[in-house]
Amino acid sequence: MTRSEARENAFILVFENLFNPDYSLSDMKEFTAESELFEIDAFTESLVGAVIEHAAELDETVTPYLKNWKLSRLPKTVLSILRLSLAQIEGYCGEIPASVVVNEAVELGKKYATEKDASFINGLLGALIRDREAK
């Protein structure tokens, strides 16, 4: 499984978790264990675990960048992609270059959301990364 495929699987599980917050990572693993179409590898597991464990912190991090938006009004796909991306940027899943994270987030946005959402994700993550580099 490639890292891109693992991120996509993690996105799906993070998205699912928004609708079923009591659905733990072990529940997810059990549910997908018999599927030949879906795999949870170690990287997928670390991404999903980081998002579930640090969701409140990730939301606090992204909120100042939501110009004219509220977190509760974001499309669930966008929120899932942002949380997944921020977990990687924060280093909860090891050292991953920010450019890779942003590129993968934009690709997920194009596939699962709209072109506008992908641009929004790109702009928000870019602003966050520029602010961090400036500090």
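Below are the figures for this structure:
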{"read-out": "Local net charge near ASN9, Cβ-Cβ under 11 Å (Lys/Arg +1, Asp/Glu -1)", "value": "-4"}
{"read-out": "Neighbour-count order for ILE129, ILE40, ILE12, ILE81, fewest beta carbons within 10 angstrom listed first", "value": "ILE129, ILE12, ILE40, ILE81"}
{"read-out": "Rounded tilt (10° steps) of 42-62 against the dominant C-alpha axis of the chain", "value": "30"}
{"read-out": "Backbone N within region 70-91 under 12 Å of label point (7 Å from THR114 Cα along the Cβ vector)", "value": "75"}
{"read-out": "Trypsin sites (Lys or Arg not before Pro) within region 31-108, DSSP loop, no more than 11 other Cβ atoms inside 10 Å", "value": "LYS67, LYS70"}
{"read-out": "Read-out log10 I(q)/I(0) by the Debye sum over Cα atoms at q = 0.16, 0.17 Å⁻¹, derived from the coordinates shown; its label in (1) -0.77, -0.87; (2) -0.89, -0.98; (3) -1.15, -1.25", "value": "(1)"}
{"read-out": "Extended-chain gain in nm, criterion 0.36 nm per residue less alpha-carbon gap, THR63 and ALA127", "value": "21.8 nm"}
{"read-out": "Hz values of 3J(HN,Hα) by residue in region 128-133 - Karplus curve (6.51, -1.76, 1.60), Gly and Pro given as x", "value": "4, 5, 4, 4, 5, 5"}
{"read-out": "Under the Karplus curve 6.51 cos²θ - 1.76 cosθ + 1.60, θ = phi - 60°, whole-Hz ³J(HN,Hα) for region 85-99, x wherever Gly or Pro sits", "value": "5, 5, 4, 6, 4, 6, x, 5, 10, x, 7, 10, x, 4, 4"}
{"read-out": "Label zone at GLU53, where the point sits 7 Å out along the Cα-to-Cβ direction: region 84-108 residues whose backbone N lies under 14 Å", "value": "87-88, 90-95"}
{"read-out": "Linear extension gain, GLU107 paired with LEU71, 0.36 nm per residue minus alpha-carbon span", "value": "10.8 nm"}
{"read-out": "Above-threshold pairs, the threshold being 20 Å between Cα atoms, out of LYS29/LYS70; LYS29/LYS110; LYS29/LYS76; LYS76/LYS135; LYS76/LYS116", "value": "LYS29/LYS70; LYS29/LYS110; LYS29/LYS76; LYS76/LYS135"}
{"read-out": "Total formal charge among the other residues, if their Cβ is under 14 angstrom from that of ILE129, Lys/Arg +1 and Asp/Glu -1", "value": "-1"}
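Only the coordinates and a few stated rules stand behind these numbers; no lab work does. This one's a predicted model, so the numbers in the text were calculated from it and none came from an experiment. Note that each Cβ is placed from the backbone with ideal geometry, even for glycine, and that neighbours are counted across all protein chains shown.
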